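Working notes, beginning with the structure itself.
Rule-based calculations on the coordinates, nothing more; no lab input. Every value quoted in this text rests on a predicted model; they were computed, and no experiment measured them. Methodologically, a virtual Cβ is constructed for each residue, glycine included, from the backbone with ideal geometry; neighbour enumeration extends over all protein chains shown.
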Amino acid sequence: MNTIRDLKKSDLIKAYIDSGFSAETAAAEIDFAIEIISGLTPKDLIVGIMPSLKDLQKIYDAVQTRLSTRQPMAQILGYAFFMGNKFEVSINTLIPRPETELLVRKAIDIIKEKDFKQILDIGTGSGCIACMIAKNTRSQVLGVDVSNDALKIALNNAMHLDLMNRALFRKSDLFSKIREDEKFDMIVSNPPYIPLKDRPHLQIEVRDFEPETALYTQDDSGLEYYEKISSKAHQYLNTNGYLAFETGDTQAEKVKAIMTDCAFKNIEILKDVTGIQRVVCGVLNI
Ligand SMILES: C[S@@+](CC[C@H](N)C(=O)[O-])C[C@H]1O[C@@H](n2cnc3c(N)ncnc32)[C@H](O)[C@@H]1O
């Protein structure tokens with residue numbers, strides 16, 4: 001390549017492959033960068049609409065940063081897509097994962113079926129779960145988190161999605177700032193679930209760049225947050241209220257047992273598209 005004007009998608013894909021990435025990852029990340037930076041979709045490119053020179057330079061720079069540091073592309077660009085919506089992200093928020101859509105879709109189905117109105121999202125991070133539930137139902141969602149920096153991003157996302165009245169955010173260590181007279185029809189949570197001892201085995205992108213408070217538990221099983229949330233949930237749930245969790249690989253049956261011990265019944269486990277048991281939800285039996 002002589003100048004930025006000569007930059008081709010195939011050059012960028014080659015750079016990714018030379019750095020050890022698959023061609024699929026390369027194409028997906030480059031399309032994502034092009035869309036975030038220039039607003040152009042792969043279809044636009046096929047019909048010959050090209051990013052401006054200024055945007056081409058930004059796309060090139062983003063790829064250079066990605067390949068030289070291994071920082072996730074979403075953090076470099078400051079955005080991620082979740083359920084087709086653009087969410088601001090930062091080094092202080094977990095990047096929303098596609099598998100979390102399963103939890104949100106299940107929650108939305110239950111909320112619509114039961115006409116639930118008040119929802120609590122524990123560990124809201126970027127606010128992706130809270131915002132998507134608020135956007136797709138008639139409920140009001142309170143997202144709580146221990147991280148002030150994450151809460152600022154969650155608020156920005158609610159503002160951009162025009163959900164300010166129905167997605168609310170508050171700093172709280174789990175239930176610490178929830179009053180006992182505040183009752184919810186459903187509690188959803190995608191809590192930290194990776195035992196700290198597993199840190200060395202994580203992908204560099206996760207281990208070195210995503211916030212530790214979003215990832216790790218202090219116990220060896222990764223079940224700490226499921227236990228803490230399940231054991232207190234009955235104090236904040238209405239009669240027949242639901243608790244729904246995202247779980248890590250191999251944790252779902254253990255989370256089901258924890259929820260059973262905490263008086264939940266009709267507990268369902270849902271698998272994600274890769275066959276991993278990813279969502280556990282049940283109804284309070286008291
Ligand atoms: C796995 S991330 C999930 C973020 C977001 N809900 C999502 O699904 O992308 C877990 C979140 O829990 C928050 N968190 C960790 N400990 C917490 C606590 N004790 N109370 C409230 N939130 C906590 C972290 O700051 C982080 O935002």
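Close amide H pairs (under 5 Å, H built 1.01 Å from N) link Phe264 with Asn285, residues at least 5 positions away or on another chain. For the range 207-275, chymotrypsin sites (Phe, Trp or Tyr not before Pro) meeting the loop criterion (DSSP other than H, G, I, E, B) and having at most 11 other Cβ atoms within 10 Å: none.
Nearest 500 deg cm²/dmol is fine: what mean residue ellipticity at 222 nm does the chain get from its DSSP H runs of n ≥ 4 alone, each adding -39,500 (n - 2.57), divided by its residue count?
Numbers: 12 runs with 118 residues, N = 286.
Calculated from helices alone, the mean residue ellipticity at 222 nm is -12000 deg cm²/dmol.
Seen against the Cα atoms of the chain and their longest principal axis, helix 148-160 is set at about 80 degrees.
In sequence order, the range 99-104 has phi-based couplings of 5, 5, 4, 5, 4, 5 Hz under the Karplus curve 6.51 cos²θ - 1.76 cosθ + 1.60, θ = phi - 60°, and Gly or Pro positions carry x. Rounded if a/c is under 1.5, else prolate if a/b is larger than b/c, else oblate: which is the range 1-154, with a ≥ b ≥ c the root eigenvalues of its Cα gyration tensor? In terms of gyration-tensor shape, prolate. Sorted largest first, the spans of the alpha carbon positions of the range 4-69 along the three principal axes are 29, 21, 20 Å. Here the contact order of the chain, divided by its residue count and restricted to Cα pairs under 8 Å and six or more residues apart, works out to 13 percent.
Return Thr239, Thr69 ranked ascending by Cβ neighbour count within 10 Å, so the fewest neighbours appear first.
Working: Thr239 9, Thr69 14.
With the fewest neighbours first, Thr239, Thr69 line up as Thr239, Thr69.
Shape of the range 129-286 from its Cα gyration tensor (a ≥ b ≥ c, root eigenvalues): rounded if a/c is under 1.5, otherwise prolate when a/b > b/c, or oblate?
Working: a/c = 1.55, a/b = 1.07, b/c = 1.45.
It comes out oblate by the Cα gyration axes.
In this Cβ point-charge picture (+1 for Lys and Arg, -1 for Asp and Glu), the range 23-73 has a dipole of about 140 debye about its Cα centre.
The Cβ shell under 11 Å around Thr260 holds other residues with a net charge of +1, Lys and Arg each +1, Asp and Glu each -1. Compared with the dominant principal axis of the Cα atoms in the chain, helix 23-38 is inclined by about 90°.
Considering only beta bridges that DSSP places wholly inside the range 100-284, some 35 percent are antiparallel.
Find the relative contact order for the range 117-182 and round it to a whole percent, using C-alpha pairs within less than 8 Å whose residues are 6+ positions apart. Mind dumping the intermediate values first?
Working: 120 pairs, mean separation 22.8, N = 66.
35 percent.
Relative to the longest principal axis of the Cα atoms of the chain, the long axis of helix 252-261 makes an angle of roughly 20 degrees.
Let's see if you can work this out: charge +1 on each Lys and Arg Cβ, -1 on each Asp and Glu Cβ, no other charges. What is the dipole magnitude of the chain about its Cα centre, in debye to the nearest 20?
Numbers: 35 positive and 40 negative charges, 115 e Å.
In total the dipole reaches around 560 debye.
Distance from the Cα centroid of the range 266-286 to that of the range 47-122 is 24 Å (rounded to whole angstrom). Positive end of the dipole of the chain (Cβ unit charges, origin at the Cα centre): among Met164, Val206, Tyr16, the Cα lying farthest that way belongs to Met164.
A DSSP coil position with no more than 16 other Cβ atoms inside 10 Å describes the following GluC sites (Glu not before Pro) in the range 177-244: Glu180, Glu182.
Applying both filters, DSSP loop and at most 12 other Cβ atoms within 10 Å, to the trypsin sites (Lys or Arg not before Pro) of the range 163-258 gives Lys177, Arg179. Hey, can you grab everything whose amide H is under 5 Å from the amide H of Ile95? Only 5+ residues off in sequence or another chain; H modelled, so Pro and N-termini drop out. Residues meeting the amide H criterion: none. Relative contact order, whole percent, for the range 4-69 stands at 35, derived from Cα pairs under 8 Å and 6 or more residues apart. Evaluating kT/(6 pi eta Rh) at 25 °C and 0.890 mPa s, with the Kirkwood radius of the chain over Cα pairs in the Stokes-Einstein relation, gives 122 µm² s⁻¹.
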